[in-house]
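The values are calculated or read from the model by the stated rules, or taken from the named source; none is laboratory data. All of these numbers come straight from a predicted model, not from anything done at the bench. A quick note on method: Cβ atoms are made from the backbone with ideal geometry, for glycine too, and the neighbour counts reach across all protein chains shown. All accessible areas refer to the heavy atoms of the entire protein, side chains included, with ligands and DNA or RNA removed. Shrake-Rupley method; radii C 1.70, N 1.55, O 1.52, S 1.80 Å.
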Amino acid sequence: MHIIISRHGESNYNLENRIGGDPSLSARGHEYGKRLAKYCKDNDVPEHLISSQLVRARQTVFYSSKIFSTYEICPELNEINAGVVEHLTYEEFKNRYPDEHKRRMNDKLNFRYLEGESYVDLIERTRPIVEEIVKTEKDTFIVCHRAVARALLFHLMKIDKKQVPHQEIPLHTILDLTGKPGEMNLTYHEI
Ligand code: F6P
């Protein structure tokens with residue numbers, strides 16, 4: 001199978017190191033959306049596109065969605081819900097909720113944000129999406145977010161669960177996965 005995962009382009013919150021929310025793309029983020037469209041035209045990419053429902057993801061696929069045979073918006077691909085910490089910078093999170101911040105540093109996999117989700121929750125939220133892709137054997141292009149991409153990699157590759165929250169998911173880079181789901185091979189292509 002062939003699965004490609006991309007984070008949305010750079011958002012205005014990425015520029016400020018802010019968590020969550022529903023921000024728009026920065027100018028650089030829009031440029032990435034355009035480069036991604038060119039990449040999809042020039043390369044052999046899956047025909048089925050699914051995207052998170054959040055603005056930054058939908059703005060990223062705006063330039064390329066017509067290239068795909070099918071396009072679906074999936075709220076299950078929305079970024080981890082950071083609860084009370086949504087919209088704060090990582091620095092503000094540390095200063096306002098020092099104990100919570102420490103707990104997260106010590107166990108990022110199991111830490112659940114107050115009124116939000118944990119990586120373990122995210123792994124469960126994204127499981128049906130991967131099961132559907134595997135069942136239908138549909139090569140798929142997925143546009144989502146940093147934490148969600150990590151959860152998806154857990155389902156698609158052999159990764160130690162503890163390492164899930166620490167996987168490298170750079171901006172403006174596609175994660176190209178080939179092989180059998182559960183043991184796929186990953187290549188990064190910066191675009
Ligand atoms: O900073 C961008 C972002 O997508 C946040 O919205 C999200 O909470 C975070 O990354 C997830 O990464 P980490 O779990 O490493 O903080």
*Since Arg125 meets every condition but one in (1) in contact (Cβ under 8 Å) with a residue 40 or more places away in the chain; (2) within 13 Å of the ligand (Cβ to nearest atom); (3) open to solvent by 10 Å² or more (accessible area, probe 1.4 Å), which condition does it not meet?*
(2)
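Considering each of Thr173, Thr178 in turn, give the residue that is within 14 Å of the chain's Cα centre (by Cα) and polar (S, T, N, Q).
Working: Thr178 fails: within 14 Å of the chain's Cα centre (by Cα).
Being within 14 Å of the chain's Cα centre (by Cα) and polar (S, T, N, Q) holds for just one of Thr173, Thr178, which is Thr173.
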_Selection status of His87, open to solvent by 60 Å² or more (accessible area, probe 1.4 Å) and either within 13 Å of the ligand (Cβ to nearest atom) or over 26 Å from Gly179 (Cα atoms) (or both)_ = yes
*Which residue out of Lys66, Lys94 is within 16 Å of the ligand (Cβ to nearest atom) and either without any contact (Cβ under 8 Å) to a residue 40 or more places away in the chain or farther than 29 Å from Asp176 by Cα (or both)?*
Lys94
*Output the number of the condition that Val84 fails; it satisfies all remaining conditions of (1) assigned to a helix (DSSP H, G or I); (2) closer than 22 Å to Asp121 by Cβ; (3) among the aliphatic types (A, V, I, L, M); (4) in contact with a strand residue (DSSP E or B) (Cβ under 9 Å, 6 or more places away or on another chain).*
(4)
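Could you look through the stretch 121-139, keep only residues that are in contact with a strand residue (DSSP E or B) (Cβ under 8 Å, 6 or more places away or on another chain) and either at pLDDT below 95 or in a helix (DSSP H, G or I) (or both), and pick out the one that is nearest to Gly20 (Cα to Cα)? So that I can check it myself, show each step before the final result.
Narrowing the stretch 121-139 to residues in contact with a strand residue (DSSP E or B) (Cβ under 8 Å, 6 or more places away or on another chain): 129, 133, 138-139.
When the remaining residues are screened for being either at pLDDT below 95 or in a helix (DSSP H, G or I) (or both), the result is 129, 133.
Values: Ile129: 21, Ile133: 26 Å.
Going through the qualifying residues, I end up with Ile129.
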_Residues being surrounded by 22 or more Cβ atoms within 10 Å (Cβ to Cβ) and assigned to a strand (DSSP E or B) - total across the stretch 140-173_ = 5
*asked:* I need every pair where a residue in the stretch 155-171 that is farther than 16 Å from Glu183 by Cα has its Cβ under 8 Å from the Cβ of a residue that is in a helix (DSSP H, G or I) and open to solvent by 40 Å² or more (accessible area, probe 1.4 Å), sequence separation at least 6 or different chains.
replied: Ile169/Arg146; Leu171/Asn14
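Hey, can you tell me all the residues within the stretch 140-191 that are more than 11 Å from the ligand (Cβ to nearest atom) and among the β-branched types (Val, Ile, Thr)? Step through it out loud before you land on a result.
In the first step, residues of the stretch 140-191 are kept if they are more than 11 Å from the ligand (Cβ to nearest atom); the result is 140-143, 152-163, 170, 172-191.
Those that are more than 11 Å from the ligand (Cβ to nearest atom) and among the β-branched types (Val, Ile, Thr): Thr140, Ile142, Val143, Ile159, Thr173, Ile174, Thr178, Thr187, Ile191.
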*asked:* Which condition from (1) within 12 Å of the ligand (Cβ to nearest atom); (2) under 19 Å from Gly29 (Cβ atoms) is the one that Val61 breaks?
replied: (1)
_Top-ranked residue in the stretch 42-58 [being surrounded by 14 or more Cβ atoms within 10 Å (Cβ to Cβ) and in a helix (DSSP H, G or I); ranked as nearest to the ligand (Cβ to nearest atom)]_ = Arg56
*How many of the residues in the stretch 30-59 are in contact with a strand residue (DSSP E or B) (Cβ under 7 Å, 6 or more places away or on another chain) and under 17 Å from Gly20 (Cβ atoms)?*
6
*Name every residue in the stretch 1-41 that is outside any loop (DSSP other than H, G, I, E, B), loosely packed, with under 15 Cβ neighbours inside 10 Å, within 13 Å of the ligand (Cβ to nearest atom) and not acidic (Asp, Glu), in order of residue number.*
Leu15
*Are any residues in the stretch 97-111 near the ligand (Cβ under 10 Å from one of its atoms) and in a helix (DSSP H, G or I), and if so, which ones?*
Arg104
